[in-house]
1. If I model a spin label at C:Ala186 and A:Tyr7 as a point 7 Å from the Cα along the Cα→Cβ vector, what separation in nanometres do I get?
2. In what order do C:Met24, A:Met32 fall by count of nearby beta-carbon atoms within 10 Å, going from fewest to most?
3. What's the angle, to the nearest 10 degrees (0 to 90), between helix B:149-165's Cα axis and the longest principal axis of chain B?
4. For peptide C:131-143, what's the mean number of Cβ atoms from other chains within 10 Å of each residue's Cβ?
5. In a shell of Cβ-Cβ distance under 15 Å around B:Ala12, excluding B:Ala12 itself, what net charge do Lys and Arg (+1) and Asp and Glu (-1) give?
6. Can you give me the distance in nm between label points at C:Gln310 and B:Leu45, each placed 7 Å from the Cα along the Cα-to-Cβ direction?
7. Label chain C by shape, choosing from rounded, prolate and oblate, from the square roots a ≥ b ≥ c of the eigenvalues of the Cα gyration tensor; if a/c is under 1.5 it is rounded, and otherwise prolate applies when a/b is larger than b/c, oblate when it is not.
8. In a shell of Cβ-Cβ distance under 11 Å around B:Met152, excluding B:Met152 itself, what net charge do Lys and Arg (+1) and Asp and Glu (-1) give?
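No lab work stands behind these numbers, since they all come straight from the coordinates. Fair warning: this is a prediction, and the values are worked out from it, not measured in the lab. Positions of Cβ are generated from backbone atoms using ideal geometry, with glycine treated the same way; all protein chains shown enter the neighbour counts.
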Amino acid sequence: MVDLLFYVAALLSVLCALGVVISENPVQSVLMLLGSFLGIAVIYLLAGFQFLAAIQVLVYGGAIMVLFLFVVMLLNLGDPEVQADEPLFHGRGRVTGGLGVALAALAVLLTASRGTALAPVETYLWPEGGLDPLLGMAEAMFGRYVLPFEAASVLLLATAVGVMALAKRQRTKRAIAPAPLESKEAAA
Amino acid sequence: MVVVQRRKLTLAERLYLPEVFRGLAITFRKMFQPRVTRQYPEEGLPKTEVTRGQPRLVVKDDGNIACVSCGLCEAACPAYAITIDGQETDRFIEREPERFDIDMLRCILCGFCEEACPKDAIFMSDELELADYSRRALVYDMDKLKRPASDMRARMDYVKRINGRWGVEA
Amino acid sequence: MAFLTLLLKASLIYGGLLGTAALMTLAERKVSAWMQLRVGPNRVGPGGLLQPLADGVKFILKEEVTPDGANMWIFRLAPMLAAIPAMMTVAVVPFAGQVELFGLDFGNLSVTDLDIGLLFILALSGLSVYGVILGGWASNSKYSLLGGLRASAQMVSYELSLIMTALAVVALTGAMDLREIVAAQAGSIFNWNVFTPVVGQVGLVLFVIATFAETNRHPFDFAECEPELVGGFHTEYSSMKFALFFLGEYCAMTVMACLTTVLFLGGYQVPFWEDAPWFVQLGAFGAKVGFFLFLFIWVRWTLPRFRYDQLMNLGWKVFLPVALANLLVVGALIALGWA
């Protein structure tokens, strides 16, 4: 039963993650991402990390994805064909780029899992001691690694502020660009 | 230019919550005050002699209507709702309507017919409901328009009194 | 046997929730009528009691209209997303203690007691905003879209204060299991969290107001803001789809009222009667929840709607700082050993 649920959730999150990339409609992409997160939450739950699962749904599902949706809805979503006039990569570049990213991801995965033998599902889904891993996590986050943790949050904040500043400057530049108001009036 | 002088809000008002509670108190008190709703079909609307409902032909005590099909109401009607065909009669008045239709879908209930009638034949009754399942059924013929004088007495007296006040011979 | 008991409890609790939601639609109309010196619906059944049933039949029989250019899948998904999470949250609400009936022990009166019950409710109620947003977006209508946009911004802003205030209670009681939170408030009535000096009262007011914003109720109902947005996110919805949105809203209100009761008013604790039998506890719980449900309606028919900028100012510049300060004071109280 647990195995089955695990595979269903895993398949769901992987398929949804694929859907995020493939889907042409940004809102659908966001929804797919949400589905992927929910799948991961189910896996957390199966692994006995109730708290992590709830936080995953609360923070990623309830807050961050809502903001994503908010931004995506604010964008002018016209014809996807028109939107895609400037793709990141062209033709062959797109394929090689995708392959490169996939290979890099595989390399990271392999490096990360080196030395950990693939154990049967049950052994890592039901860790001994129930919620104790949560306590361990809390101690690590707010005890041993509290400084790096806070530093990361400051970094994130700085990134957010930086993005705002960049976006703002671009917009003002565009606004300053001469609007041919007078010539239009003359033509009329 | 008008300069609006806004009252400076007190601290309690700017905190908002006390005012919220005051509002809640008001609405709560209102819940226990007497209702003003009229349960319409069961409780009718108040009717007086001034109530100007729908035009009706008054049936006198001898069973006849006073109409001589002169056509004055037809002419006075701003909505062209009245249609009259006259015919001769052996009664003293010599003429009576063969057909007297009021299209109640057109009628605007203005009461001009009542004012125009020289023979006190048509009066506005106190009937207010006007609904049916077909347009045809809402074109009232003579049978549907007839009302016994006893039902209309109050309105008839009222109109005569008012017309008398205007210096018109009743 | 355990499974049967669970099934029985689940069906009873869900039936109760749906019944409460249905009754709330009637109560909304009745109370609003009373406050405006009217009578309210009184034609169907004694005193209009069967009105929700008539409404339900009407909703089912109504024609379903799908607007041109709507995204069919998301358009259909949205009402479900609005209703299902809201209904699921009731699973962890503790309605009463040990239930004993005919000498049989049915366990505690709730579908389940999760260690993270509070988080469960908050997470799922956070998900229910998707119904509103996606419904607004998929309708292919400017009014719906604006309603959805407003809902998303509003929910995210107020969820923060809501969680912060709830966290204060978690810190006070040291538990996230709703039943443990209730147990921590046992004994005297002064053990209820609302009677914790300053922190309890501030927390209750903050929490209740944040709840109003979270469930899109007056005076924060910007998602459906009738004068500006027609019906907001549900402008284009008809028939049972519309009814599902409605059901979701009322279920969310009910669960939020339950949560407020559990967090601040001692849940099912009966004042001055410590070992009350389960049905008395259930009655006490119902009375407290009923008060908050009445408050929802009461406020709706008293206050005018805020302006959108006022809502955002209030959320970020007043509520969040006060909620954080509240949490800080709670922390200080605990550190000093006063709570």
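1. Distance between label points: 4.6 nm.
2. Final ranking by Cβ density, sparse to dense: A:Met32, C:Met24.
3. With both axes taken from Cα atoms, the answer is about 80 degrees.
4. Details: counts 0, 1, 7, 6, 0, 1, 5, 1, 0, 0, 0, 0, 0.
That works out to 2 on average.
5. Values: positive: B:Arg7, B:Lys8, B:Arg14, B:Arg22; negative: B:Glu13, B:Glu19.
Taking every other residue near B:Ala12 into account, the sum is +2.
6. 3.8 nm
7. The shape class here is oblate.
8. Charge balance in the 11 Å sphere: -1.
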